[in-house]
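Just below is one structure, and these are the notes that go with it.
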Amino acid sequence: MKKTWWKEAVIYQIYPRSFMDSNGDGIGDLKGITSRLDYLKFLGVDVLWLSPIYKSPNDDNGYDISDYQAIMDEFGTMEDFDEMLAEAHKRGLRIVMDLVVNHTSDEHRWFMESRKSTDNEYRDYYIWREGKDSQTPPNNWGSCFGGPAWQYDEETAMYYLHLFSKKQPDLNWDNPKVRQEVFDMMTWWCDKGIDGFRMDVISMISKTKEMPDGEINGFYGDYGPYCVHGPNIHKYLQEMNEKVLSRYDIMTVGETPGVTTELAKQYAGEDTHELNMVFQFEHVDNHGKYGKWDDQKWQLTKLKKILNHWQMDLYDKAWNSLFWDNHDQPRAVSRFGDDRPQYRVTSAKMLATCLHMMQGSPYIFQGEELGMTNYPFQSPDDFRDIESINAYKEWCASGKVSHEEFWPCITFRSRDNARTPVQWDDTEQAGFTTGTPWIPVNPNYKEINAKSETADPDSVFHYYKKLIALRKENPIMVYGKYEPLMEDSEELFVYTRTLDDKKLLVVCSFTDQDTVFTIPEEFVGSSCMIANMENDYSKSDITIRPYEAFVLTK
Ligand code: GLC
Ligand code: CA
């Protein structure tokens, strides 16, 4: 397997709006990020992935871009960006940009031109179709944020496609001019010195020419078979690789909803000349009665089956991205661990162990290193996210399900859980802003914050710091072969890693009960690399406490 810097890197995701506010307007910004680079350096991460910072009307918090080569007003200026990049590089931190090119904002110049007339030179930059009439779109597809995926535009009496909100029209990648514009823009950022791209819903850029009704899924037809991993997806990514990516020493990670291990081997194969790695979603996509809105936790055997499969199947063929959460997911400790006060710290460390010991590049979402939790939403007015607001309306306000029934589901899974401000200290607004934050701070900031955790050697923060440091000293964590054990256990997640004559045993408890465990003979009495509590590994039968985790080496 080829050795590369990005296989060895730990990546930290910043959601700029909620990271650090420098000027008291309640919105995180670039100067705020620059002011916290020393904190990130101290944690030890290598790469910072920034969620979008480009000019945007913020219908979807920056994932709707109106100018790819300008900075969002609230976040600062291009000078602030250059300063942040230079200060990051000075500290050996690389910067990965979010690349959102499945769609633009409807306020992007291209779209404002496109909608003017059917013969405008930008018309074919987007996907326009005749409807059945002004009330009936070309087909029954639904958008990811609720409602139909088509919007009628009076100007030319046609519909445009938007797989996300109606302010996010989909670009037409079949138009070579669109591809060239995107590649030129990417080149411009690479020449500025950025270190990579995280590519937003990149598996959705190629669509079929025919657009028939989809199978009804919830309220609308499913566009999946026509828009996800579409006919030219690999061709376009190879073209992007040839024209841009291969010319720079950068890393790329594709957000690829719907990806399987087979497809990942094509998207991110060692020799396929597309991307370095992809985000897969199988382990976060457990759906229930109300689609993604579900308050149930995974059955451990099911979760392990998915993660074990990704580990085994990509080995030596493609590279994994490892994550428990991000800006679209609830907080890891609340979802996969246990955020009750007696278990929060232990289970957050357990999750970190379980993830960082697998093969792949680990991603830490801001605040995860502090064990930040889901937000205690009181009412639908607390939501800021377009997805949660629309889902509440679509399911609840419309009477399809009662508030009582739906509330635990939407609050457990809302993206806003991840988007509350980073808790820096125990002063007002958790030190995030001197003003009023755009989204409320989690009231638990007095107990959970960076200031107290950096001062406490037993904190979740210091545990992450240690895991990151261990990766630098132990190539086995990066390159070792993975082998699952005890696949039928509903309590323990157990696996080994092997590199040359070295071997690691990783044991993680996902339950709030004691369990008994027999240490495999070859590991009895071996030394402990990291653990979230003490135990006696010299015996073969041991009791594992709730959410205990340890790694033995030989
Ligand atoms: C991706 C982003 C998400 C955004 C969507 C549309 O899934 O991660 O935040 O809403 O794409 O751009
Ligand atoms: Ca600000």
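Key figures for this structure:
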item	result
Top positive-direction residue, dipole computed over the range 410-554 with Cβ charges, set His462, Trp424, Asn535	Trp424
Rg/Rh for the range 480-553, where both radii come from Cα atoms and Rh is the Kirkwood radius	0.93
Largest to smallest accessible area among Asp153, Asp119, Asp249 [probe 1.4 Å]	Asp119, Asp249, Asp153
In nm, spacing of pseudo-spin labels at Phe219 and Ser379 (7 Å Cα→C-beta vector)	2.3 nm
Portion, in percent, of the accessible area of the chain that falls on carbon or sulfur, probe 1.4 Å	47 percent
The range 174-274: GluC sites (Glu not before Pro) falling in loop per DSSP and having at most 16 other Cβ within 10 Å	Glu210, Glu215, Glu270
Estimated D of the range 427-548 in µm² per second, where Rh is the Kirkwood radius over Cα pairs and Stokes-Einstein applies at 10 °C, 1.306 mPa s	92 µm²/s
Kirkwood-type radius of the range 145-285, with distances r between different C-alpha atoms, in Å	16.4 Å
Rel. contact order, % - alpha carbon contacts under 8 angstrom, at least six apart, the range 109-161	32 percent
Nonlocal amide H pairs with Thr420, under 5 Å, H built at 1.01 Å	none
Vicinal HN-Hα couplings computed from phi for the range 235-242 (Karplus, 6.51 cos²θ - 1.76 cosθ + 1.60; Hz; Gly/Pro x)	4, 5, 5, 5, 5, 4, 5, 5
Computed accessible area, Ser540, all protein chains, 1.4 angstrom probe, square angstrom	50 Å²
Cα lying deepest toward the dipole's positive end in the chain, options Ile448, Pro257, His309, charges on Cβ	His309
Å² per residue, accessible surface of the chain at 1.4 Å	38 Å²
Filtered GluC sites (Glu not before Pro), the range 477-538: DSSP coil and at most 13 other beta carbons within 10 Å	Glu487, Glu490, Glu534
Mean projected area in nm² (Cα convex hull; one quarter of hull surface) for the range 257-324	4.8 nm²
The range 34-120: translational diffusion in µm²/s, Stokes-Einstein, Kirkwood Rh over Cα pairs, 4 °C, 1.567 mPa s	90 µm²/s
Computed magnitude of the charge dipole of the chain (debye, nearest 20; Cβ of K, R +1, Cβ of D, E -1)	1000 debye
Filtered GluC sites (Glu not before Pro), the range 380-477: DSSP coil and at most 16 other beta carbons within 10 Å	Glu447
The range 57-119: relative contact order in percent, alpha carbon pairs under 8 Å with at least 6 residues between	43 percent
Calculated over the range 109-161: convex hull of Cα atoms, volume per residue (Å³)	77 Å³
Cα-Cα separations in the chain greater than 36 Å, expressed as whole percent	33 percent
Theoretical ellipticity at 222 nm over the chain - DSSP helices of four or more residues, -39500 (n - 2.57) apiece, nearest 500	-7500 deg cm²/dmol
Percentage relative contact order, the chain, counting C-alpha pairs under 8 Å, at least six apart	13 percent
Positive-end residue, the range 109-161 charge dipole about Cα centroid, Cβ charges, pick of Phe145, Ser114, Gly131	Phe145
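The values are calculated or read from the model by the stated rules, or taken from the named source; none is laboratory data. Given the structure is predicted, the values throughout are model-derived calculations rather than measurements. Methodologically, a virtual Cβ is constructed for each residue, glycine included, from the backbone with ideal geometry; neighbour enumeration extends over all protein chains shown. These area figures cover heavy atoms from the full protein model, side chains too; ligands, DNA and RNA do not enter into them. Shrake-Rupley method; radii C 1.70, N 1.55, O 1.52, S 1.80 Å.
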